[in-house]
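What follows is a short report on a single structure.
What follows is calculated from the coordinates using simple rules that are stated; it is not laboratory data. It should be emphasised that the depicted structure is a prediction, and the values quoted were computed from it without experimental measurement. Because the Cβ atoms are built from the backbone with ideal geometry, glycine has one as well, and the counts that use them run over all protein chains shown.
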Amino acid sequence: MRGVCAAALFAATALLPILLGPCSTPSTAQKAHPIDLSASGVARDIDPEIADIIATTLAIDNHAHPKLPPPNDTTDRNFDALPVDNMEPETDPVAWRPDNPQLTDAWSALWGFTESAPLDAEGLKRLNAARQALKVREGQLYSAWILDKSGIGTMLGNRVSMGPGLSKPRFQWVPYVDALLFPLDNSTLETTPDRKQFFPLEERLRSEYLKAVGMQSVPSTLGEYLNRVVTPTLERQKAQGAVAEKFEVAYLRGFDFADTPRAEAERIYARWVGRDGPDPADYKALQDFLFRYIAAECGRLGMPVHLHTMSGGGGYFDIGKDNPFLLESVFNDPRLRKTQFVMLHGGWPFIREAGSLLQKPNVYLDFSQESLTFPPRTMAVWLREWLETYPDKVMFGTDGYPFSESLGWEEATWIAAHNARQALGLALTGMWQDREINRARATEIAQMVLRVTAAKLYGLQ
Ligand SMILES: [Zn+2]
């Protein structure tokens, strides 16, 4: 896809009702695209030619949680294996709060709703009525319409399952595999109020995975568990269209996955399967083995492995144990070099640690969620360092997620998509002005970040 111009991308996907300009240079007509960067205060610092390419390239969103459109929108809970809307209160970042001024822009752009954030209870009712009008108008096309409004051609939907209105090619499935890491009794792992909620949810998903292979409980040997449950689950998800597998294991334990020999894992499994209270050190060693086994199988099946690498959510999240440096022994495992790993959310607060790991040939990152949580000028500094070192390893993402009544997955997607584009514009303009790259290379990197790298990684058009 390298070198394919934005106009050709639009023409190929035929998604947006816009006038298309000539292929060689961005045209005025392309500015008709709904992604309008000019309204932002940072626009004056973005080169207009670079801004045009960024505004008119349909993005591949590496990570988000779209909800089903009507009539399933109100009952859909499969947008996350561990929905975080029931956790104990944490101190939300400013961008997630109901008074984030960017909400006002998103409401206006998406629903034509002109009131300002924050809203009181009556205001929220009016906001929901405005949303509902668009849902009724768009019907099954509603979720794809949200992508159109956010300049996203394809969204990787990280969900337990997809459904009507979230189909290819606009939506690609990324299921969860954490449930396969925890085959024993998990009661001793419920060490925080949040994990008390998480592990039963993982066990419910594990039951569904077992049911799909005709079992009611995990088998008695590790060999059977791997051959009859783990591998068939990954193969089934691949056959059902999954393009990657997601671990949100950082919510459940740390990233220190040791290299447990198979014989030891077999002994531990046989000793504790079906029994209460497995020895914590034993159970960790078994999880470590399973993580590497699953990662290797994902490599064999050609599915990149996604890892949540960012502080939170939740006030009990172990930030220090989520340091991406702890993954280095996994990334350095020669048996896993055929597995492509993607660090989601850029590793914040371990920005530089995550960036340095891009040196590994099979490691990538995206800046989903960061793009929602941090203003463009802050994120541009991080992006610039990554793009100066490993520009072909960095991908656009939003982490559009139903955060709250005022910040639905729709608003989160729209805000993050705009912030991400502005940050990318600032970073590339700075590199061009300082003569690190020429303008042609700047626009090429913009397209790589927005879609070309992801298109190659997942084999998407
Ligand atoms: Zn997410």
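Condition (residue is within 16 Å of the ligand (Cβ to nearest atom), part of a helix (DSSP H, G or I) and in contact (Cβ under 8 Å) with a residue 40 or more places away in the chain) applied to the stretch 427-440: is it met by at least one residue? Within the stretch 427-440 (the criterion being within 16 Å of the ligand (Cβ to nearest atom), part of a helix (DSSP H, G or I) and in contact (Cβ under 8 Å) with a residue 40 or more places away in the chain), the answer is no, since none of the residues qualifies. Here the stretch 364-382 is the region considered, the condition is being of a type in the set (Val, Ile, Thr) and away from the ligand (no atom under 16 Å from the Cβ), and the residue that is farthest from Gln102 (Cα to Cα) is Val381.
When Glu353, Glu370 are checked against the criterion of being under 15 Å from the mean Cα position of the chain (by Cα), of a type in the set (D, E, K, R) and farther than 20 Å from Val243 by Cα, a single residue qualifies: Glu370. Looking at Gly139, Gly123, Gly112, just one residue is within 29 Å of Ser406 (Cβ to Cβ) and touching an Asp or Glu at 6+ places or on another chain (Cβ under 9 Å), and that residue is Gly123. Does Met310 meet the test of being within 16 Å of the ligand (Cβ to nearest atom), touching a residue at least 12 places away in the same chain (Cβ under 8 Å) and assigned to a loop (DSSP other than H, G, I, E, B)? So Met310 passes the test.
Here Met343 fulfils each of the conditions (1) under 18 Å from the mean Cα position of the chain (by Cα); (2) within 25 Å of Tyr269 (Cα to Cα) apart from (2).
Of all the residues in the stretch 240-276, those that are in contact (Cβ under 8 Å) with a residue 60 or more places away in the chain and either more than 18 Å from Ser220 (Cβ to Cβ) or among the acidic types (Asp, Glu) (or both) number 21.
Which of the residues spanning the stretch 338-358 are touching a Lys or Arg at 6+ places or on another chain (Cβ under 7 Å) and within 16 Å of the ligand (Cβ to nearest atom)? Hits for the stretch 338-358: nothing passes. Condition check for Arg352 on (1) in contact with a helix residue (DSSP H, G or I) (Cβ under 7 Å, 6 or more places away or on another chain); (2) without any contact (Cβ under 8 Å) to a residue 60 or more places away in the chain; (3) of a type outside the set (A, V, I, L, M, F, W, C); (4) farther than 21 Å from Leu460 by Cα: one failure, at (1). Filtering the stretch 111-151 to residues that are closer than 27 Å to Gly397 by Cβ and among the hydroxyl-bearing types (Ser, Thr, Tyr) leaves Tyr142, Ser143, Ser150.
Determine which member of the set Asn78, Asn100 is in contact (Cβ under 8 Å) with a residue 24 or more places away in the chain, closer than 19 Å to Ala412 by Cα and within 16 Å of the ligand (Cβ to nearest atom). Being in contact (Cβ under 8 Å) with a residue 24 or more places away in the chain, closer than 19 Å to Ala412 by Cα and within 16 Å of the ligand (Cβ to nearest atom) holds for just one of Asn78, Asn100, which is Asn78. Would a scan of the stretch 146-156 turn up a residue that is part of a loop (DSSP other than H, G, I, E, B) and more than 19 Å from Leu82 (Cβ to Cβ)? Checked against the condition, which is being part of a loop (DSSP other than H, G, I, E, B) and more than 19 Å from Leu82 (Cβ to Cβ), the stretch 146-156 yields at least one hit. Counting only residues that are of a type in the set (S, T, N, Q), under 27 Å from Met87 (Cα atoms) and part of a loop (DSSP other than H, G, I, E, B), the stretch 163-193 holds 3 of them.
Being surrounded by fewer than 24 Cβ atoms within 10 Å (Cβ to Cβ), more than 16 Å from the ligand (Cβ to nearest atom), in contact (Cβ under 8 Å) with a residue 40 or more places away in the chain and at negative phi: is that true of Pro361 here? No.
Answer yes or no: is there a residue in the stretch 208-217 that is of a type in the set (Phe, Trp, Tyr), in contact (Cβ under 8 Å) with a residue 24 or more places away in the chain and out of contact with any Ser or Thr (no Cβ under 7 Å at 6 or more places or on another chain). Checked the stretch 208-217: no residue is of a type in the set (Phe, Trp, Tyr), in contact (Cβ under 8 Å) with a residue 24 or more places away in the chain and out of contact with any Ser or Thr (no Cβ under 7 Å at 6 or more places or on another chain).
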